[in-house]
Amino acid sequence: MAAALDGLLTVAVEHDWLDVDEEGNVLVDDDELGEQSPKPLQVDYSRSAQALENAGQPGASRLTQLFQVAEAEYARLLENEVHDAYQLALRTSSDYAVFAPEDIAPLVAENPLLLGLRPDGLVDPDLFEGDPPAGIIISSHLTHMLLQQLLELASERGALARDSAGHLILPDDNETKPQLH
C-alpha cells in the first residue's frame, strides 16, 4: 500500500495537481483538509462476498508475492550492475509485468478493486482508440507501480541519486522512451 500511495502522490506531483516544498514534502492546503473537502469514498465490502473472503485470508496476496519476487531479483541484479540501476529497473519491471489474461485474472479475483483503475497517461493513446481493455489498464498501472518501487529500492541502496527537491535523478529524457507493446 505504501508503494501504491507513493506512486499516486508521484503522479499527482508530476501532473502539478500537488506541489512540494524544497524538502520534497507534498503540500496540501488547510481548506483541503477541513470540512470543505469531500468525504472519503466509503467502500462497502459487504456487497462482495469474494472481497470479504479474500480480506480474511492469511498471508501475502499474489500481487505482493509477485512484487517481492521482482524486488529480490532486482536486488540480486543490482549487486553486480549498480551503474545501470535505471535500465535494470525497466528490464525487471518488464520481466514481471502481468499482461496475459491468465496472469491478471487471479489478481483481480483476489482484489476486485483493481478493476477501478483508470487510464492516466500510462496507456499510449496511439495504440487504442476509445477505452483500452481493462487488462491493459491494470497491467500498465501495476508495471508502473513496480517500476517506482524498484527505483525507490535503488535509491535506498545508493544506486540512484536524488535532486535537492528529493526527486530521483533519472537518465536524460532525450533518449527514446520505452514503448508499451
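Read-outs throughout are calculated quantities, based only on the coordinates presented, and are distinct from any laboratory measurement. What you see is a predicted model, and the numbers here were worked out from it, not measured in a lab. Here Cβ is always computed from backbone atoms with ideal geometry, including for glycine, and neighbour counts include all displayed protein chains.
For this structure, a couple of remarks:
- Per-residue 3J(HN,Hα) values for region 151-156, derived from phi via the Karplus relation 6.51 cos²θ - 1.76 cosθ + 1.60 with θ = phi - 60°, read 5, 5, 4, 4, 5, 4 Hz in sequence order (x marks Gly and Pro).
- With Cα atoms as the point set, the radius of gyration and Dmax of region 56-113 evaluate to 13.7, 43 Å.
- Prolate/oblate/rounded call for region 79-152, Cα gyration tensor, a/c under 1.5 rounded: prolate
- DSSP-loop GluC sites (Glu not before Pro) across region 113-170, with at most 15 other Cβ within 10 angstrom: 129
- Close amide H contacts of residue 20 (hydrogens built in the peptide plane, cut-off under 5 Å, sequence separation of 5 or more or a different chain): 27.
- Distance between modelled label sites at residue 161 and residue 113, nm, 7 Å Cα→Cβ extension: 3.8 nm
- Applied to region 18-28, the Karplus parametrisation 6.51 cos²θ - 1.76 cosθ + 1.60 on θ = phi - 60° returns per-residue 3J(HN,Hα) values of 10, 9, 10, 7, 5, 9, x, 7, 6, 9, 10 Hz, with x for Gly and Pro.
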